[in-house]
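What follows is one structure encoded as structure tokens, with my remarks underneath.
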Number of protein chains: 2
Amino acid sequence: MKDLPISPLAPDAFPDLPNVAGMQASATRVGFYAGTRNDLMTVIFPHGASVAGALTRSATRSADVDWCAAQLPKGRARALVVNAGNSNAFTGPAGVAKNAATVKQTCALVGCAPHEVFLAATGVIGVPVAPNRVADTLPQAIAALAAPDWEALARAFSTTDTFPKGAGACLDLDGVEVRIAGLAKGSGMIAPNMATMLAFVFTDADIAPSVLQSLVSAHVETTFNAITVDSDTSTSDTLLVFATGANGASPITTQDDPRLGAFSEALRQVLLDLALQVVRDGEGAQKLIQVTVEGAHSDASARAIAFAIANSPLVKTAIAGEDANWGRVVMAVGKAGEPIAVDNMAVRFGGEWTARHGGAVDYDVAQVDAHMKGQEIDILVNVGLGNGRAIVWTCDLTHGYIKINGDYRS
Amino acid sequence: MKDLPISPLAPDAFPDLPNVAGMQASATRVGFYAGTRNDLMTVIFPHGASVAGALTRSATRSADVDWCAAQLPKGRARALVVNAGNSNAFTGPAGVAKNAATVKQTCALVGCAPHEVFLAATGVIGVPVAPNRVADTLPQAIAALAAPDWEALARAFSTTDTFPKGAGACLDLDGVEVRIAGLAKGSGMIAPNMATMLAFVFTDADIAPSVLQSLVSAHVETTFNAITVDSDTSTSDTLLVFATGANGASPITTQDDPRLGAFSEALRQVLLDLALQVVRDGEGAQKLIQVTVEGAHSDASARAIAFAIANSPLVKTAIAGEDANWGRVVMAVGKAGEPIAVDNMAVRFGGEWTARHGGAVDYDVAQVDAHMKGQEIDILVNVGLGNGRAIVWTCDLTHGYIKINGDYRS
């Protein structure tokens, strides 16, 4: 991680995550960074795992994302290799060669097929690495495998993050315990699809790949695809969910398995927790902002309006200034290009309506001011038309963002 | 204007604009601002004028924009009344009542029909004003009418602008001189459609409204709709072009009039000059950035990619840091969602290619560094696919933007 102050919105401590049976992991060092920090996470599933995921829709996505996109439909994993410090994006044939060498070495060391190896990378764009750079360090990474040290793993693939991100859950499904542990990184270049973001979730439940994929596809929309820091979409965004099936329960192979509901909700909560931690670590963030849009023509329309608000620099700077500037919210609604009933519009900050029926109303200024001074800001807009609803999250836009991304010479 | 330092990108002086026959104007004071600054521009066309325009597409546009939209198809103007300090947006029935009173008073004083009165307003959103607030000051504004003092007029409707904006042209059409003078305001909430921006252009040419409208509609796309400061679209954007016909030449009534070509190009140059001045006054701007995209599937696709680059906070902060960070440009291209040939992509800063054929290339670092230290930055991206091309302009994202928009308590 960079030498930045820890975000004021960070959790007090890294959470206590459960051990997930059926996997081993290590955090080691390739050397993409000066100093001694680790920059490689290696995970092995000795008996394999189901895998599902969601990947960036960027047209300039990395070679690693291309690789995962090709293997995901096969749905089985034996290994995951993730490096920080170089994104392997916009690296052309050199990037493909690096991945080929990494996969080949992994297969040799683990004894698996190429399509069972998953790759991810984050860091600088457009700088090719030597083909064997990662492969040559894999023997050491494999030798270091052990039960997961979650915090050390999260740190190994972080970049400008100011704190390591983890979330987990334990639940009982028909008398068998299921454990879920997830890790994420990301703090800038965060916008759907998806954040600039890597996230890996592991569970010892036994779930068929197609069932797992349907859960991930559904939940990503209301979690990682509902956050934005700066509207910039990464070339490397990768979410992978692995299910080792090592908890001893019978497999979940259909959508109508009665155990799926509780697992699905637990998975969603882990994904949401990780996604919100990414926003809490948004570059320069001082406040976490929840934007709810109601009364839209459709949920998709509500979502478009919510993102227009969440990505508006004028809204985000106003909140940095602790100003309930609902006029800027109205502006942002207007620019979304979605149908609204302007004379029926209303805007609420915290619990107080600042505008209703398409115009200003008197409100409790002291109460709104107190809300704006807090670390968690709640904006609700009703656009007065229908029943469409969406929630997205962002952070404020502060001098810290400029400092991190623009003050090269300070 | 606010008490802000003048933009380093400002012209040395307000230009010397020609007198336009057939109009009188005054800059007076309603009192929307504390102190003594003027906040009202009133223009009268004693013998009428053709009028054409372009208006914001915001769904929360102001009552003034609604009014202009209704009158523009009739194509004739006798008066223009513009105030700064209150945008009359999101003001519901009160905003409509204020406009009705202003129009009624103007008609009484000037002796014209309501549809010949044009209105514009800029400033705070969502604060209704008393219905007669502007109307009551109009007798004084009419009494002060004189030949235009262009700089005083530009200052009268400015808000956070750090310098008044004007541009003009004189040309000879078949032995008759034609004069064009234009004024603009805007420095934040600037994005197409259109900028947060008011612009008014006056000419003594005699041009039928439909012909004038076709020119304005064409040229706005490559001028005011090709600029962005912060991706935020205003509720008040208004461009109006008035042609008094007082220069004595025969009217231009058809698209194939041989005089139209030269006039059209002169008008486009005035609009472009004004639009670039708005970017040069972008809140916190230290650098003017021209983004050219070539090789796209279509011109529209090139434009979408160019705006993805121009609106990217990570690109804009990199340029503030004088860093030719072409990796962030690649990221922005990727997020545009437009077709590209990634292995054929190339990025140029100033005259130096920093990436070609989908990857990094060696380049003259000293030359690129020198370019990045300049006030005008030129980025060209070829996406390697077709013949689509577009140019847009923006400015860098600096601490100044945060300071102006977020440091309420500093």
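Every number here is computed from the coordinates shown, using simple stated rules; none is lab data. Keep in mind that what you see is a predicted model, and the values were worked out from it rather than measured. Quick reminder, even Gly has a Cβ in these numbers, built from the backbone with ideal geometry, and neighbours come from all protein chains shown.
Of the residues A:GLY75, A:GLY384, A:GLY359, the one that moves most in a GNM of chain A with alpha-carbon contacts below 10 Å is A:GLY359. Kindly provide log₁₀ I(q)/I(0) values, in the same order as q = 0.18, 0.29 Å⁻¹, from the Debye equation applied to equal alpha-carbon scatterers of the stretch A:118-171. Debye intensities relative to I(0), on a log10 scale: -0.87, -1.26. A run of chain A free of exposed loop cleavage sites, with trypsin sites (Lys or Arg not before Pro) counted only in DSSP states other than H, G, I, E and B and at most 13 other beta carbons within 10 Å, reaches its longest extent at A:3-408.
Dipole size of the stretch A:288-406 about its Cα centre, with +1 on Lys/Arg Cβ and -1 on Asp/Glu Cβ: approximately 380 debye, rounded to the nearest 20.
Taking all pairs of distinct Cα atoms, average 1/r, flip it, and tell me the Kirkwood hydrodynamic radius of the stretch B:35-103 in Å to one decimal place.
Evaluated over the stretch B:35-103, this radius sits at 13.3 Å.
Counting each DSSP H run of 4 or more residues in chain B as -39500 (n - 2.57), what helix-only mean residue ellipticity at 222 nm follows after dividing by all residues, to the nearest 500 deg cm²/dmol? Present the calculation step by step, with values, prior to reporting the outcome.
Values: 11 runs with 123 residues, N = 410.
It comes out at -9000 deg cm²/dmol, rounded to the nearest 500.
Considering only DSSP beta bridges whose two residues both sit in chain B, what percent are antiparallel, to the nearest 5?
Values: 50 of 73 bridges.
The answer is about 70 percent antiparallel.
Across the copies of the chain, A:PRO251 has label points (7 Å from Cα along Cα→Cβ) spaced 8.1 nm apart, shortest distance listed first. Ranking A:GLN269, B:ALA262, B:GLY126 by how far each Cα lies toward the positive end of the dipole of the protein assembly as shown (charges on Cβ) leaves B:ALA262 at the top. Note that the stretch A:288-406 shows a convex hull volume over its alpha carbon atoms of 87 Å³ per residue.
Give me B:CYS107, A:CYS395, B:CYS68, A:CYS170 ranked fewest to most by other Cβ atoms within 10 Å of their Cβ, as a rough exposure proxy. If you can, show how the numbers build up before the last one.
On the way: B:CYS107 17, A:CYS395 32, B:CYS68 23, A:CYS170 12.
Arranged by neighbour count, lowest to highest, B:CYS107, A:CYS395, B:CYS68, A:CYS170 become A:CYS170, B:CYS107, B:CYS68, A:CYS395.
Which value does Rg/Rh take for the stretch B:33-176 over its C-alpha atoms, Rh per Kirkwood?
Numbers: Rg = 15.5 Å, Rh = 16.0 Å.
Rounded to two decimals, Rg/Rh equals 0.97.
With the label put 7 angstrom out from Cα along the Cα-to-Cβ vector, B:GLU376 ends up 5.1 nm from the copy partners, going from closest to farthest. Each of A:VAL278, A:VAL81, B:VAL30 was scored by other Cβ atoms within 10 Å of its Cβ. Arranged with the fewest first, they read B:VAL30, A:VAL81, A:VAL278.
Taking 12 Å as the straight-line reach from the Cα of A:LYS373, the aspartates and glutamates in range (excluding those fewer than 8 positions away in the same chain) are A:GLU322, A:ASP323.
From least to most packed, judged by other beta carbons within 10 angstrom and beginning with the fewest, B:THR235, B:THR292, A:THR91, A:THR137 follow the order B:THR292, A:THR137, A:THR91, B:THR235. When B:ALA13 is represented by a point 7 angstrom out along its Cα-to-C-beta vector, the spacings to that point in the other copies are 7.0 nm, nearest first.
Over the stretch A:329-410, Cα pairs under 8 Å with separation of 6+ residues give a relative contact order of 28 percent. Since only B:SER210, B:GLY35, B:VAL278 are under comparison, the one whose Cα sits farthest along the positive direction of the charge dipole of the stretch B:24-280, derived from C-beta charges on Lys, Arg, Asp and Glu, is B:GLY35. For a straight C-alpha distance cut-off of 14 angstrom, the aspartates and glutamates reachable from A:LYS98 (same-chain residues fewer than eight places away being disregarded) are A:ASP64, A:ASP66, A:ASP136. For chain B, modelled as a GNM whose springs connect Cα atoms under 10 angstrom apart, the maximal fluctuation among B:SER158, B:SER312, B:SER62 occurs at B:SER312. Looking at the calculated P(r) for chain A, what percent of the C-alpha pair distances fall above 38 Å? So the portion of pairs separated by more than 38 Å is 23 percent.
Share of antiparallel DSSP beta bridges in the protein assembly as shown, in percent to the nearest 5?
Working: 100 of 146 bridges.
For the protein assembly as shown, the DSSP antiparallel bridge percentage is about 70.
Highest GNM mean-square fluctuation among B:GLY337, B:GLY388, B:GLY186, for chain B modelled with Cα contacts below 10 Å: B:GLY337.
Rounded to the nearest whole angstrom, the semi-axes of the ellipsoid equivalent to the protein assembly as shown, taken from the Cα gyration tensor as √(5λ), stand at 54, 29, 21, largest first.
Take every pair of alpha-carbon atoms less than 8 Å apart whose residues are at least six positions apart; their mean separation over the length of chain A yields a relative contact order of 17 percent.
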